[in-house]
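Undergrad: Just dropping this structure here.
The values are calculated or read from the model by the stated rules, or taken from the named source; none is laboratory data. Everything numeric here is computed off the predicted structure, so don't read it as measured data. Heads up, the Cβs are rebuilt from the backbone with ideal geometry, glycines too, and the neighbour counts pull from every protein chain shown. With ligands, DNA and RNA removed, areas are computed over all heavy atoms of the protein, side chains included. Shrake-Rupley method; radii C 1.70, N 1.55, O 1.52, S 1.80 Å.
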There are 2 protein chains.
Amino acid sequence: MKIGELARRTGVSIRMLRYYEQEDLLAPGRQESGYRDYSESDEIVVRRIQMLTEAGLKLDAIRELLPCILTDDPSFQPCDNLRAILQRERRKMDAQIDRLQASRDMLGRYIDQTG
Amino acid sequence: MKIGELARRTGVSIRMLRYYEQEDLLAPGRQESGYRDYSESDEIVVRRIQMLTEAGLKLDAIRELLPCILTDDPSFQPCDNLRAILQRERRKMDAQIDRLQASRDMLGRYIDQTG
DNA sequence: CTTGACCCTGACAGCGCTGTCAGACCTTAG
DNA sequence: CTAAGGTCTGACAGCGCTGTCAGGGTCAAG
């Protein structure tokens, strides 16, 4: 399918679909015209990217994960480190939450002072 | 005092001190040489900015707050909205924490699936 | 054939800072 | 006087996307 249709199907903008390709997350074929030609599995990849993006991962991390989660069989794990990567990202997120929480509390103290 | 000394005293980089000025958070005088000439109260302002920055506020918000917190008397409140601004910022931060938390949980679910 | 919708590449902009570099002037100690 | 170190302005770069625009092909229907 062409890029416009994939965008419509997934809700990901055309701009971002091209960006995913640029960042090596996606490698669609090309028609003779030069138009990108996306397959069904490309669409699956895009949906995976969407999910992980919503989960707060950056494309760098997603790129690491993609080779692991693209197999049809979800139980087959070619990458020993899938879990490790996810856990690493979660730790990062925990740290970020902690920082934000500390900021929030500090702000709270200011507000109290303003009494 | 000159910019270098203020930077040394506060730990804020020279670059950022100039940036604060550019963003209208600071308005140091000038020596005849053209060098910036910071006063004691300028240093206080910088420390205020530091605190609020650590509290996660952006310069836009800090600029709003500065006129309120620069008075010597902390109980004097020329701005009725000091508290309102702080609360608004805290609400923003709460929302951000919620989003991040949701992402973290989603990641947790992925990790569980990976069993 | 023409029109309109779609696609291509490449590049610029913006977010909110922050570092760094270039070219040039000021100041201070030796 | 000279050299070193401090300062000035202005501009470019980078983070991680995301939108948008320009200039130019492609494809489909009428």
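Undergrad: Mind checking which of B:GLN87, B:GLN50, B:ILE97 is farthest towards the positive end of the range B:3-113's charge dipole, using Cβ charges of +1 (Lys, Arg) and -1 (Asp, Glu) about the Cα centre?
TA: So the residue furthest toward the plus end is B:ILE97.
Undergrad: Moving on. Place a label point 7 angstrom from the Cα of A:ARG9 along the Cα-to-Cβ direction, then list the residues of the range A:42-71 whose backbone nitrogen is under 13 Å away.
TA: Taking a point 7 Å out along Cα→Cβ of A:ARG9, the residues of the range A:42-71 whose backbone N falls under 13 Å are A:42-48.
Undergrad: Obtain the radius of gyration and the Kirkwood radius of the protein assembly as shown from its C-alpha atoms and give Rg over Rh. Each step should come with its number before you reach the end.
TA: Working: Rg = 24.9 Å, Rh = 21.8 Å.
In the protein assembly as shown, Rg relative to Rh is 1.14.
Undergrad: A further question follows. Which value, in debye to the nearest 20, describes the size of the charge dipole of the range B:3-113 about its Cα centre when Lys and Arg Cβ atoms bear +1, Asp and Glu Cβ atoms bear -1, and nothing else is charged?
TA: 460
Undergrad: If you put +1 on each Lys and Arg Cβ and -1 on each Asp and Glu Cβ, how big is the dipole of the protein assembly as shown around its Cα centre, in Debye rounded to 20?
TA: Once rounded to the nearest 20, the dipole reads 0 debye.
Undergrad: If each label sits 7 angstrom from Cα along the C-beta direction, how far apart, in nm, is B:GLN113 from its counterparts in the other copies?
TA: Nearest to farthest, the other copies are at 4.6 nm.
Undergrad: Moving to a separate point now. Do any chymotrypsin sites (Phe, Trp or Tyr not before Pro) in the range B:13-115 lie in a DSSP loop with no more than 11 other beta carbon atoms within 10 Å, and if so, which?
TA: When the chymotrypsin sites (Phe, Trp or Tyr not before Pro) of the range B:13-115 are filtered for loop state and at most 11 Cβ neighbours within 10 Å, B:PHE76 remain.
Undergrad: What are the nm distances, shortest first, from B:GLU54 to its equivalents in the other copies, labels at 7 Å along Cα→Cβ?
TA: 3.8
Undergrad: So for chain A, averaging the separation of alpha carbon pairs under 8 Å that are six or more residues apart and normalising by length, what relative contact order in percent results?
TA: Result for chain A is 17 percent.
Undergrad: Interface size between chain B and chain A, please: total buried accessible area, 1.4 Å probe, rounded to the nearest 100 Å².
TA: In total, chains B and A hide about 2800 Å² from solvent.
Undergrad: Which distance in nm do the two modelled labels at A:GLU54 and B:SER41 give, with both placed 7 Å along the Cα-to-Cβ direction?
TA: Between A:GLU54 and B:SER41, the simple spin-label model gives 5.3 nm.
Undergrad: Then there's this: Given a 1.4 Å probe and every protein chain left where it sits, what share in percent of the accessible area of the protein assembly as shown is carbon and sulfur?
TA: 47
Undergrad: Which distances in nm, rounded to one decimal and ordered from shortest, link the label point of A:GLY34 to the equivalent label points in the other identical copies, with labels set 7 Å from Cα toward Cβ?
TA: From this label point to the equivalent ones elsewhere in the assembly: 5.0 nm.
Undergrad: Among B:82-89, B:26-33, how do they line up by average Cβ neighbours within 10 Å per residue, starting with the highest? Could you put the intermediate results ahead of the total?
TA: Values: B:82-89: 17.9, B:26-33: 11.5.
Highest mean packing first, the order is B:82-89, B:26-33.
Undergrad: Would you be so kind as to identify which of B:GLN31, B:ILE111, B:PRO67 lies farthest towards the positive end of the dipole of the range B:3-113, taking Lys and Arg as +1 and Asp and Glu as -1 on Cβ and the Cα centre as origin?
TA: The listed residue farthest towards the positive side: B:ILE111.
Undergrad: Let me ask you something else. Could you give me the radius of gyration and the Dmax of the range A:3-114, taking only the C-alpha atoms into account and expressing both in angstrom?
TA: 19.0, 68
Undergrad: List the lysines whose alpha-carbon lies under 25 Å from that of A:LYS92, not counting same-chain residues fewer than 8 positions away?
TA: Within reach: A:LYS58, B:LYS58, B:LYS92.
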